[in-house]
Structures are given as structure tokens and as C-alpha cells.
Amino acid sequence: MPKQDKTAVLAAVFIFFAGISATGLLIPRHHGWMLLFAYFSAFFAYFWLCKSEIKLHHLLAIGLAARLILFLGLPSLSDDLYRFIWDGTLLREGFSPYARLPAEYLTQGIQGVDQQLYDQLNSQPYYSVYPPLNQLFFWISASIGTSWLAQANVLRVVLLMADLGSVYFLYRLLQLHQKDLSVIGWFFLNPLLILEATGNIHFEGLVVFFLLLGLYAFEKNRMISSGIGLGLAAATKLLPLIFLPAIVIRKWFRDGATVGIVAGLVVSIGLIPFINSAILSGMQSSLGLYFQKFEFNASVYFLLREVGFWLKGYNIIGILGPALSGITILGIVGLALRGQRRKWPVHKTMLFSLSLYLLLATTVHPWYILPLIALGLLSGFYYPITWALMIFVTYFGYQEAGFELSAIWVVLEYGVVLSTFAIELIRSHEKSA
């Protein structure tokens, strides 16, 4: 490599590390313009590095180093960690995070469950919304860690190992489909993946690992292993259950049903330790809140909500949330049937299914699109990379007084993403014609 090229690479690596460090550790999330500058700088360096002729193992080393930098401090972009610590501490002390609201535990003198931690919670009025497998890791971190940072880093180790496992199964899947292995660099070096998984400790990183494991097993006709992978993904976040139609219909119910049954058993086994009437009531309340109260960075829903305000004079999320969920289910089944008829690879059907879900969802946090990045790269679509860049504008909504995101940013985000998707879809049709 010529000297000037080495200098450019070193400069890009420095910008990448600086952008990741500043975004993940240094800049408060209510400093929107500073965050956007740091993140876009890291993304520019990421794009340049992945487009250059740098060897894959060097890109992996850069991605690993960026993740390790984030172990130096607590997340600056998300306060979800404190609910993880809260739930894990309750489990360590023999209490269920699903049975009662946080305020009810605060007065019971439970070790580690104190006012200082309670004040950090962003979900004080709600039961825990985190599935049982997550709770296992919260319990482990609370049992090992002696400080908030130590507990955070225990969870980061889990998510770092998940990212490395995702690289392995992505490599195997790319080999299986005879695709360019450089895609791995685009995945592992992605700033959103680094910041939202290892940095902010969101378990979509673990979901990606289990999904790729299950997908690889499915492609190798190992249906029980595939079901275990999909079940573990659903035990981490319930969202992967939307992929069951693609799996079941692809194998015309016999082998596909095996995957679904095994996945269901895995999720059910995970629920066994938590089954009693009080806990089930709390979990049901949590799910109800998600569909009927939470809203963030939506596209179609926000448009329909404005129509609802105009017609009814109030927020109709209680109607729209379940209605859009029903439409999503029908659309996903339709995509599964279309994918079977068109002989799409199953990961392509999964990509479009997840895209439909996110476009109709009432809540789309940045970390929700991490599985989309992996599925997109595997399917040869790069609009999830565009979304990984544009979705960061949602951090403009965080202010010291609360959260309020201008509709301009949402329109800009979805306008760019949908335009990119349309262009890629047209090119894909032209190639197959």
C-alpha cells in the first residue's frame, strides 16, 4: 500500500475511533448537533474504510477495538441500562421484576434497590418489558458486578461475544450462497451496531446472533437447531416470531412446523420460572403498554395518528396500535407466500417482513433495526445501512426537559430510507428481468 494510502487509512481509523468514543461516551444525548457531527464522522470513516482495499481481518480488528473503547464508561445515549441493573438486582435478591412496579419494591429495604438507582429509571410506572432470557443475563451481571460500570461491562461481554458469533455465522451463510465476504466488514464495523449493542447494551445484538444461527441451521436442513436458534432469539426479544411464516411456508409445513414447534418450546421453557398469576398479569400489562401507549419515530402510524387527531380530536393509538399489528401479520403472511412463489431465499423474505413490521410499528428505536442490517447485507440490499445512518437523527428529540422530535427529522429519515429502498428494488427487478 502506498504511503499516502496508509496515511489516509490511519486518518480514517482515527476519525472512526474519535466519532465512536465521542458519541458513545462523551457527548450527552441532548446535545443533538454535536452528536450528529460525531456520529456522521464515524459513519463517513466507516463507509470509506469498507470501500477501501483494507483486508477483512484488519476491519475486524478495528471493529473490536472500537467496542473495547466503550467498556471505559457508562452509556451516554441510553438509560435503559439502569432498568437492567434494577431487574437483575431484584432477581439476585429473590424477587420477580414482573410481579410489582418498581416503586413497590423501593420501600422494602432490598439490598441494591435504592433511591439512587430508582431515580435513574426511565420506566418507573411500568412493569418490566424484558423477556426471560434477558433477565438471566441481568441476574448474572448483578451477581458478578460490584458497580454499575462493572455490571454494564458484564453485559457488554455477552454482546461482544454475540457480535463475534454473528460474524462467524454470517461468514458461513455468505459462503453457502457464494457471496462476497467483504459484507462482513460492512456488518461488524457498522457504527450503529457498535454503539447500540456494545455501547448502549441493547440486546438486539444477541437477537442477530441467534437469528443467524437459526438461519444457518435452516439452510443446512437442521430443523431442530434452527428452531432452537429462532426460539432463543424470540426469548431475547419477541419480535423474531414474525419470521415463523417465512420458515413454515418455505418448507411447506412439515419441516417448517418442526422449527416453529421447537421455537415455541424454547420460549415456553424460558417462561417456566416466571409462571404465576401475578407475574403473568405484569407481563401482559407490559405487552399491552407496548402496543397501546408507546410511540417513537414511527412512519405510517404518525401519519394515521394525525388523521385521528383531525377526525376524533385525540390520540387513537389504542385503536391504531392493534389495527396496524393485524395488518402487519397479514402482510407478513402475504410476503411469505410471495417469497415461496418467487423462490426468494428465506433471508430475503425475512428482510422484507421485518421492513414491513418497522414501517407499520408505533415504536422504532435506533437499535430495533440491527437485525435488519444483517438480513439486508446477506440479501444484497444496502438500504438498512442508509437507515442506520439516518435513524440517528432521532437523538435530536432528546432535550433536558424531555423528548420532542420535530416531524421534519422523521420525514427526512423515512424519505431518504424509502428512496434508497425504491432504487434498490428497481435495480433488483432489472437484474432479474
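Each value in this text was obtained by applying a stated rule to the coordinates, not by laboratory testing. In this text the structure is predicted, and so the values were computed from the model without any measurement. Positions of Cβ are generated from backbone atoms using ideal geometry, with glycine treated the same way; all protein chains shown enter the neighbour counts.
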| For the chain, with the dipole built from +1 on Lys and Arg beta-carbon atoms and -1 on Asp and Glu ones, taken about the Cα centre, which of L238, Y216, G32 lies farthest toward the positive end? | Y216
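Give, as a single signed number, the net charge of other residues whose beta carbon lies under 14 Å from the beta carbon of R222, with Lys and Arg counted +1 and Asp and Glu -1. Let's see the in-between values first.
Values: positive: R172, K220, K251; negative: E219, D255.
It works out to a net charge of +1.
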| Can you list the lysines whose alpha carbon is less than 30 Å from that of K6, not counting same-chain residues fewer than 8 positions off? | K51, K55, K179
| task | Calculate the dipole size of segment 295-433 relative to its Cα centre from +1 charges on Lys and Arg beta carbons and -1 charges on Asp and Glu beta carbons; express the result in debye to the nearest 20. | result | 800 debye
| query | Applying the Karplus parametrisation 6.51 cos²θ - 1.76 cosθ + 1.60 with θ = phi - 60° to the phi angles of segment 412-428, what ³J(HN,Hα) value in whole Hz is obtained for each residue in order, glycine and proline being reported as x? | reply | 4, 4, 6, x, 5, 5, 5, 5, 4, 4, 4, 4, 5, 5, 4, 5, 5
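What number, in percent, do you get for the relative contact order of the chain if the mean sequence gap of Cα pairs under 8 Å and at least 6 apart is divided by its residue count? If you can, show how the numbers build up before the last one.
Working: 609 pairs, mean separation 69.6, N = 433.
Result for the chain is 16 percent.
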| task | Taking 7 Å along the Cα-to-C-beta vector as the label spot, tell me the M34-L136 distance in nanometres, rounded to one decimal. | result | 4.0 nm
| query | Once you list every other residue whose beta carbon is under 10 Å from the beta carbon of I369, what net charge do they have if Lys and Arg are +1 and Asp and Glu are -1? | reply | -2
| Out of segment 49-87, which trypsin sites (Lys or Arg not before Pro) are coil in DSSP terms and have no more than 15 other C-beta atoms within 10 Å? | K55
| field | Calculated FRET value between I224 and D114, using beta carbons and R₀ = 51 Å, to 0.05 | value | 0.70
| request: Provide Rg and Dmax in Å for segment 295-433, with only Cα atoms included in the calculation. | output: 16.2, 53
| Can you give the longest stretch of the chain with no exposed loop site, where a site means chymotrypsin sites (Phe, Trp or Tyr not before Pro) in a DSSP loop (not H, G, I, E or B) with at most 10 other C-beta atoms within 10 Å? | 1-251
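List the trypsin sites (Lys or Arg not before Pro) within segment 331-409 that DSSP assigns to loop and that have no more than 11 neighbouring Cβ atoms inside 10 Å. Kindly include the intermediate steps, with their values, before the conclusion.
Working: sites: R338, R341, R342, K343, K348; in loops: K343.
Here the trypsin sites (Lys or Arg not before Pro) that fit, given the DSSP loop and packing criteria, are K343.
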| field | HN-Hα J in Hz across segment 354-368 - Karplus 6.51, -1.76, 1.60, θ = phi - 60°, x for Gly and Pro | value | 5, 4, 4, 4, 5, 5, 9, 6, 7, 9, 9, 6, x, 6, 5
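Based on the Cβ-Cβ distance of V300 and H57, what FRET efficiency does E = 1/(1 + (r/R0)^6) give at R0 = 56 Å, to the nearest 0.05?
On the way: r = 42 Å, r/R0 = 0.75.
Step by step, r from the Cβ atoms, then E = 0.85.
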| request: Could you work out how far apart the two model spin labels at R172 and L337 are, taking each label as a point 7 Å from the Cα in the direction of the beta carbon, and quote it in nm? | output: 3.4 nm
| query | F296's amide H: which non-local residues (gap 5+, or another chain) put their own amide H closer than 5 Å, with H modeled 1.01 Å from N in plane and none for Pro or chain starts? | reply | T363, V364
| Can you list the aspartates and glutamates whose alpha carbon sits under 18 Å from that of K348, skipping same-chain ones fewer than 8 residues off? | D180, E219, E424, E430
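Could you calculate the contour length gain from F95 to F14, that is, 0.36 nm times the residue separation minus the distance between their Cα atoms, to one decimal place in nm? Write down the numbers at each step before the final one.
On the way: separation 81, 0.36 × 81 = 29.16 nm, distance 4.58 nm.
So the chain would gain 24.6 nm between F95 and F14.
FRET efficiency for S325 and V411, Cβ-Cβ distance as r, R0 = 30 Å, nearest 0.05? Working shown, then result.
On the way: r = 24 Å, r/R0 = 0.79.
FRET efficiency, S325 to V411: 0.80.
Under the definition of Cα pairs under 8 Å and six or more residues apart, what whole-number percent is the relative contact order of segment 295-433? Write out the running numbers ahead of the final one.
Numbers: 125 pairs, mean separation 34.2, N = 139.
Contact order relative to length: 25 percent.
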| query | Among A38, A103, A233, which one moves the most in a GNM of the chain with springs linking Cα atoms closer than 10 Å? | reply | A103
| task | Using Cα centres only, tell me the gap between segment 171-245 and segment 374-433 in whole Å. | result | 20 Å
| task | With springs only between Cα atoms under 10 Å apart, run a GNM on the chain and tell me which of H58, H347, H202 wobbles the most. | result | H58
| request: Please report, in whole Å, how far the alpha carbons of the chain spread along each principal axis, starting with the longest. | output: 64, 53, 49
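With the Cα gyration tensor of segment 139-227 in hand, give its eigenvalues times 5 under a square root as the equivalent ellipsoid semi-axes, listed largest first in whole angstrom.
Values: eigenvalues 156, 54, 12 Å².
Square roots of five times the eigenvalues give 28, 16, 8 Å.
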| request: Report, by chain and number, residues whose modeled amide H sits under 5 Å from the one on Q399, excluding near sequence neighbours (fewer than 5 apart, same chain). | output: E404
